[in-house]
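A.B. asks: Structure provided below as structure tokens; questions to follow.
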Amino acid sequence: METKEIESAVEAILFASGEPVQTERVCVALGLERPAAEQALQRLMDYYAYERRGIRLLHIEDSWQLCSAPDHADAVRRAFEIRKPAKLSQPALEVLTIIAYYQPTTRAYVDQIRGVDSSYTMSLLLDRKLIEECGRLQVPGRPRLYRTTKQFLRAFHLTNLEDLPELPDFGVEGQMRLNENGEVVDTEIEPEESGECPPEGKDSPEQDL
């Protein structure tokens, strides 16, 4: 198959699927070796971005998916009357950050780092499919383990977890907080500078989205 024909066939497969398609499935469908399939997919991704087309090709772990360009999100929502998703609150970002960097992990570990009960926040993240259960820890009580999902990668425009920025080390006994820009801050300094106190007690519905 010629290069353009391969790209055209790959595009058709991705469009028809509507869901993430694994690289191996493209290889089988078109009789391609993996390097050739990946090159075709990468060329399509670069083309959509460079030409500022209305669609983009996302690479999520070992899967690829067509989606609308972020620049036209408002127009798409207006056309289909889609409500804009609520932004994550600071407690939700804190919990998600801990799970992303220390997964698989338990709710007790998340609580230990934050210094508050995170059960309500974690239930919200589960509902939004940003985290999921992935087994149980083999210790007395067998607490549930949690990890991030592909939806998490897509929401934060990550190809895989290796794209996460390096996490500052504040020591095992420090509590983690994020500022309004989603950056990790040292709780020993941040409250004093902002005049705010670290959160205490249990997360409440008023704190989270």
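The values are calculated or read from the model by the stated rules, or taken from the named source; none is laboratory data. Given the structure is predicted, the values throughout are model-derived calculations rather than measurements. So basically every Cβ, Gly included, is an ideal-geometry build from the backbone, and we count neighbours across all protein chains shown. Side chains are part of the model used for accessible areas, which takes the heavy atoms of the whole protein and leaves out ligands, DNA and RNA. Shrake-Rupley method; radii C 1.70, N 1.55, O 1.52, S 1.80 Å.
A.B. asks: Per residue, how much accessible area does the range 1-157 show when a 1.4 Å probe rolls over the protein heavy atoms, in square angstrom?
C.D. replies: Ligands and nucleic acids excluded, the figure is 61 Å² per residue.
A.B. asks: With a 10 Å radius around each residue's Cβ, average the other Cβ atoms per peptide and rank 154-163, 101-110, highest first.
C.D. replies: 101-110, 154-163
A.B. asks: Between residue 80 and residue 17, what is 0.36 nm times their sequence separation minus the Cα-Cα distance? Round to one decimal in nm.
C.D. replies: Between residue 80 and residue 17, full extension yields 20.7 nm more.
A.B. asks: On a C-alpha basis, how far is the centre of the range 139-168 from the centre of the range 85-122 in Å? Whole number, if you could?
C.D. replies: 11 Å
A.B. asks: Among DSSP bridges having both ends in the range 1-153, what percentage is antiparallel? Round to the nearest 5.
C.D. replies: Antiparallel bridges: around 100 percent, rounded to the nearest 5.
A.B. asks: Label-point separation (nm) for residue 127 and residue 9, each offset 7 Å from Cα along Cα-to-Cβ?
C.D. replies: Here the answer is 4.6 nm between the modelled labels.
A.B. asks: Quick one: if you stick a label point 7 Å off each Cα along the C-beta vector at residue 160 and residue 67, how many nm between them?
C.D. replies: 1.9 nm
A.B. asks: From the mean inverse distance of alpha carbon pairs (Kirkwood) and the Cα radius of gyration, derive Rg over Rh for the range 57-169. Display every interim value, and only then the final one.
C.D. replies: On the way: Rg = 16.0 Å, Rh = 15.7 Å.
Looking at the range 57-169, the ratio lands at 1.02.
A.B. asks: Right, something else. Search the structure for amide H atoms under 5 Å from the amide H of residue 105, placed 1.01 Å from N in the peptide plane, and list their residues when 5 or more places away or on another chain.
C.D. replies: 146
A.B. asks: Next question, about the same structure. Apply 1/(1 + (r/R0)^6) to the Cβ-Cβ distance of residue 34 and residue 142, taking R0 = 35 Å, and write down the FRET efficiency to the nearest 0.05. If you can, show how the numbers build up before the last one.
C.D. replies: Working: r = 39 Å, r/R0 = 1.11.
The computed FRET efficiency comes out at 0.35.
A.B. asks: Find the all-direction average of the projected area of the Cα convex hull for the range 1-120, expressing the result in square nanometres with one decimal place.
C.D. replies: 10.3 nm²
A.B. asks: Taking 0.36 nm per intervening residue step and subtracting the Cα-Cα distance, what contour gain separates residue 1 from residue 89 on full extension?
C.D. replies: Roughly 26.7 nm would be gained on extension.
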